[in-house]
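Reviewing the structure listed below.
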Amino acid sequence: GPPAEAPAADADAASSPEPAPSPAPSSSYGAAMQSVNVAGVSLFAGMAFTSSKALCIPHVEVPDIRWVDWRALKRAGFKACVFDKDNTLTAPYERSVEPRVRDALQECIAVFGEQNVAVLSNSAGLTQYDPTGAVADELEAALGIGFVRHSSKKPSGSCVALEERFQCAPTDMVMLGDRYLTDVVYGNRHGMFTVRCAPFTEAGESASIRAAKWIEEVAVRWWRKPEGSKKPERCPGKKPHANVPEGKDASHFVASPGVW
């Protein structure tokens with residue numbers, strides 16, 4: 001089952017800026033942008049009254065990306081990996097990869113190829129916040145991984161920027177992130193294989209982020225189904241995807257299934 005603690009928020013995720021001059025690339029401007037992601041909250045809230053609750057349920061949940069079997073994903077036909085940044089690859093607002101997942105990221109890059117691994121952030125590389133791409137450029141150099149330039153925040157928006165970058169269908173992409181509201185919903189909307197990672201820390205979060213993650217956790221706790229359910233699309237580890245090998249389930253791509 002999921003971790004006992006509430007999931008921490010992706011610091012660059014569910015946010016909407018107040019008018020402000022463009023920050024210098026090295027600034028921690030993401031912290032100032034943690035107000036409400038209106039489109040994301042509206043989409044998430046709407047799930048309560050529709051049959052789309054499965055959008056917020058990931059295919060698998062892992063403690064962090066060390067538990068992902070990159071080679072199994074590649075063998076199954078997946079062609080690209082899309083990461084969230086904060087609380088998936090780095091601590092919030094940090095400019096270096098979290099030491100405990102550094103080797104796992106390098107293994108992912110080795111398996112899929114540098115050109116097929118990138119970060120999709122709700123701040124760096126997003127036209128609304130980073131119109132020149134300067135922040136994305138700086139983070140690419142600091143983290144050693146590409147940042148997608150795009151024009152819409154997760155979970156809304158299209159997948160065009162990713163399709164153009166990776167030259168493959170979204171169904172052949174893996175989305176990895178710590179937020180149900182943004183990363184998981186966005187990936188599922190586009191048919192990706194979604195991996196929800198437990199966050200590294202809750203330090204530095206705004207009140208709006210803390211409120212959003214509490215709502216997410218409560219909703220997911222109510223909407224998820226246990227193993228053996230007649231609704232496997234709402235059961236992490238059993239959620240169907242076309243690329244899952246015959247006779248296997250989504251947990252096939254976890255290095256040590258059932259560790260939680």
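Considering only residues in the range 165-189 that are more than 15 Å from K154 (Cα to Cα) and free of Cβ contacts under 8 Å to residues at least 24 places away in the same chain, the one that is least open to solvent (accessible area, probe 1.4 Å) turns out to be A169. Screening E246 with (1) open to solvent by 70 Å² or more (accessible area, probe 1.4 Å); (2) touching a residue at least 12 places away in the same chain (Cβ under 8 Å) gives one miss only, at (2). Within the range 91-100, can one find any residue that is buried (at least 23 other Cβ atoms within 10 Å of the Cβ) and of a type in the set (A, V, I, L, M)? No; the residues of the range 91-100 include none that is buried (at least 23 other Cβ atoms within 10 Å of the Cβ) and of a type in the set (A, V, I, L, M).
For K231, the conditions (1) surrounded by fewer than 18 Cβ atoms within 10 Å (Cβ to Cβ); (2) at pLDDT below 90 all hold with the exception of (2). When the range 190-207 is limited to residues that are in contact with a helix residue (DSSP H, G or I) (Cβ under 7 Å, 6 or more places away or on another chain) and crowded, with 24+ Cβ neighbours inside 10 Å, the one that is nearest to G157 (Cα to Cα) turns out to be M192. Of the residues making up the range 123-139, one or more are over 26 Å from R189 (Cβ atoms), more than 17 Å from the chain's Cα centre (by Cα) and surrounded by 17 or more Cβ atoms within 10 Å (Cβ to Cβ). Checking the stated criteria, W222 turns out to be free of Cβ contacts under 8 Å to residues at least 12 places away in the same chain and either within 18 Å of P155 (Cα to Cα) or over 19 Å from the mean Cα position of the chain (by Cα) (or both).
Residue pairs whose Cβ atoms lie under 8 Å apart, sitting 6 or more positions apart in sequence or on different chains, and linking a residue in the range 150-162 that is over 19 Å from V135 (Cβ atoms) to a partner that is surrounded by 23 or more Cβ atoms within 10 Å (Cβ to Cβ) and of a type in the set (D, E, K, R), are P155/D183.
The values are calculated or read from the model by the stated rules, or taken from the named source; none is laboratory data. Not measured: the values here are computed from a predicted model. Because the Cβ atoms are built from the backbone with ideal geometry, glycine has one as well, and the counts that use them run over all protein chains shown. Areas reflect the complete protein model, heavy atoms only, side chains present, ligands, DNA and RNA absent. Shrake-Rupley method; radii C 1.70, N 1.55, O 1.52, S 1.80 Å.
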